Each structure stands twice: as structure tokens, then as C-alpha cells.
Amino acid sequence: MAEQKSPLAGRVFRWTFGGGPTAGKTYEHTFNTDGTVVFKEVGGAAPSGAGGAGGAMPGVKYASFEIAPNIHLVSYLSSHGYTLTVAMDLNSKKVHGFASNDKEWYPVEGTVEVVK
């Protein structure tokens with residue numbers, strides 16, 4: 001499959017989750033033009049060993065598809081060992097998805113705010 005430029009490249013979103021292991025937390029996701037995503041908790045303490053400004057984790061590769069106008073399917077494997085796959089609906093401002101690692105699996109849902 002040929003690499004395609006993501007329509008999310010250069011954009012920033014905040015996801016606030018209402019359930020799962022990150023319930024009540026907001027994470028800012030910066031989708032870079034090099035195909036990586038950098039995320040950090042908004043208002044939280046910097047994770048130990050985190051690189052970058054404001055506690056952001058190092059960028060990891062992500063994939064995304066625009067499955068309908070303003071609806072994006074996004075997935076990445078974080079440096080914490082969790083895979084996050086969400087459908088982000090910019091029309092309704094909602095996210096729905098799944099977070100999992102080799103031992104745990106959680107459905108997640110919440111809201112999305114466009115920052116940039």
C-alpha cells in the first residue's frame with residue numbers, strides 16, 4: 001500500500017475521554033507532517049522520562065483515513081505499549097474507539113476539540 005499524506009497532518013486536537021483507563025482526562029494530539037503523532041495530557045504532571053515540551057511523549061507513527069466528510073479513523077501504538085484506535089467525528093465533536101495492550105482492552109468514548 002502506497003503511503004498517503006494524512007488529512008490530519010499539521011493539525012492539533014484535544015480528546016477528552018469519559019470512560020476507560022483515561023476517564024476524565026484530556027490529551028492534546030499533534031499530528032505531524034512526518035507521519036508521527038505527539039500526545040500529552042493537558043493539565044497533568046509531565047510523565048517521568050517524557051521528552052519534549054510540556055511532558056509530550058516522543059512522536060510515534062500513526063495511520064488515519066477519512067471515512068466520511070469530517071470523520072476520521074485514527075490508530076497508533078503509543079510508547080506506553082497501548083494501541084489507541086478511534087473514530088473522530090468533527091461534525092458531532094465525539095470520539096469513539098478502543099485502547100488495548102497485550103493484557104487489557106477498553107472501549108473509550110469522549111469529545112474532540114479542534115485546536116488547530
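Bear in mind these aren't lab numbers, they're just calculated from the coordinates by the rules spelled out. Keep in mind that what you see is a predicted model, and the values were worked out from it rather than measured. Cβ placement follows ideal geometry from the backbone for every residue including glycine, while neighbour counts extend to all protein chains displayed.
Tabulated values for the structure
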read-out	value
Set of aspartates and glutamates with alpha-carbon distance to K5 below 16 Å, sequence-local pairs under 8 removed	D34, E66
Two-site label geometry, I67 and S79: point separation in nm, points 7 Å out along Cα→Cβ	2.9 nm
Reachable lysines from K25, criterion Cα separation under 24 angstrom, eight or more residues apart if same chain	K40, K61, K93, K94, K103, K116
Pair S100, V115: separation of 7 Å Cα→Cβ label points (nm)	2.8 nm
